[in-house]
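S.K.: Could you have a look at this structure, given as structure tokens, before my questions?
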Amino acid sequence: MKTTYSTNLNLSQIDLGLLILRLGAGGLMLTHGTPKLITLFGGEEIVFADPMGIGMGVTLALTVFAEFICSILIILGLGTRIAAVPLMITMFTAAFVIHAADPFQRKEMAIIYLLTFTVLLITGAGK
């Protein structure tokens, strides 16, 4: 009898799944980080949320570091666990501080990213 579904752990499939997760999440996060990078170096006055009171420019720079630099590291699989931490902090802040008073639909994307980067923190990059 041939089975089409197996519950056996297949490490190569797990590695493929982690690769797809890294490429997808990192690539999609770059679409948020790239415009912020352009704003940071654009020369115009920076207007950005400052929930921790450290200055709009510093907050934007930290966000660019997370959403752009750390996303590239995750795509490449370099320091994935370490690179996931700034992204998790940024997504937590976006969901539960910046959008705290907003409806769930406004927070949902940040929460999904937060969960995704939490998985990558736990699992690492894979092969």
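S.K.: Scanning for something modelled with pLDDT under 95, within 14 Å of MET91 (Cβ to Cβ) and either more than 15 Å from the chain's Cα centre (by Cα) or crowded, with 18+ Cβ neighbours inside 10 Å (or both), does segment 19-29 turn up at least one residue?
M.R.: Scanning segment 19-29, I find no residue that is modelled with pLDDT under 95, within 14 Å of MET91 (Cβ to Cβ) and either more than 15 Å from the chain's Cα centre (by Cα) or crowded, with 18+ Cβ neighbours inside 10 Å (or both), so the answer is no.
Each row is one residue, and each column tells you yes or no for (1) of a type in the set (Asp, Glu); (2) within 10 Å of the chain's Cα centre (by Cα); (3) part of a helix (DSSP H, G or I); (4) within 17 Å of ARG22 (Cβ to Cβ).
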position: ILE82; (1), (2), (3), (4): no, no, yes, yes
position: VAL97; (1), (2), (3), (4): no, no, yes, no
position: LYS107; (1), (2), (3), (4): no, no, yes, no
position: ILE112; (1), (2), (3), (4): no, yes, yes, yes
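S.K.: Is there a residue in segment 98-110 that is in contact with a His (Cβ under 8 Å, 6 or more places away or on another chain) and of a type in the set (Asp, Glu)?
M.R.: The answer is no, given that none of the residues of segment 98-110 is in contact with a His (Cβ under 8 Å, 6 or more places away or on another chain) and of a type in the set (Asp, Glu).
S.K.: Within segment 32-52, take every residue that is among the small types (Gly, Ala, Ser) and touching a helix residue (DSSP H, G or I) at 6+ places or on another chain (Cβ under 9 Å) and give me the one that is least open to solvent (accessible area, probe 1.4 Å).
M.R.: Looking at the filtered set, the residue picked out is GLY33.
S.K.: Quick check on segment 54-64. Is at least one of its residues exposed (fewer than 13 other Cβ atoms within 10 Å of the Cβ) and either in contact with a His (Cβ under 9 Å, 6 or more places away or on another chain) or not in a helix (DSSP H, G or I) (or both)?
M.R.: Going through segment 54-64, the residues exposed (fewer than 13 other Cβ atoms within 10 Å of the Cβ) turn out to be 54-55.
With either in contact with a His (Cβ under 9 Å, 6 or more places away or on another chain) or not in a helix (DSSP H, G or I) (or both) added as a condition, the list becomes 54-55.
Yes; the residues of segment 54-64 include at least one that is exposed (fewer than 13 other Cβ atoms within 10 Å of the Cβ) and either in contact with a His (Cβ under 9 Å, 6 or more places away or on another chain) or not in a helix (DSSP H, G or I) (or both).
S.K.: Does ILE89 satisfy the criteria of being in a helix (DSSP H, G or I), of a type outside the set (Phe, Trp, Tyr), loosely packed, with under 14 Cβ neighbours inside 10 Å and under 14 Å from the mean Cα position of the chain (by Cα)?
M.R.: Against the criterion (in a helix (DSSP H, G or I), of a type outside the set (Phe, Trp, Tyr), loosely packed, with under 14 Cβ neighbours inside 10 Å and under 14 Å from the mean Cα position of the chain (by Cα)), ILE89 does not qualify.
S.K.: Here's a follow-up. May I ask you to list pairs of residues, at least six apart or on different chains, whose Cβ atoms are under 7 Å apart, with the first in segment 49-62 being of a type in the set (Gly, Ala, Ser) and the second being at pLDDT 90 or above and surrounded by 13 or more Cβ atoms within 10 Å (Cβ to Cβ)?
M.R.: Qualifying pairs under 7 Å: ALA49/THR59; ALA49/ILE98; ALA61/LEU40.
S.K.: Could you please give the count of residues in segment 92-123 that are without any contact (Cβ under 8 Å) to a residue 60 or more places away in the chain and either in contact with a Lys or Arg (Cβ under 7 Å, 6 or more places away or on another chain) or open to solvent by less than 50 Å² (accessible area, probe 1.4 Å) (or both)?
M.R.: 10
The values are calculated or read from the model by the stated rules, or taken from the named source; none is laboratory data. Keep in mind it's a predicted model, so treat the numbers as computed, not measured. Note that each Cβ is placed from the backbone with ideal geometry, even for glycine, and that neighbours are counted across all protein chains shown. All accessible areas refer to the heavy atoms of the entire protein, side chains included, with ligands and DNA or RNA removed. Shrake-Rupley method; radii C 1.70, N 1.55, O 1.52, S 1.80 Å.
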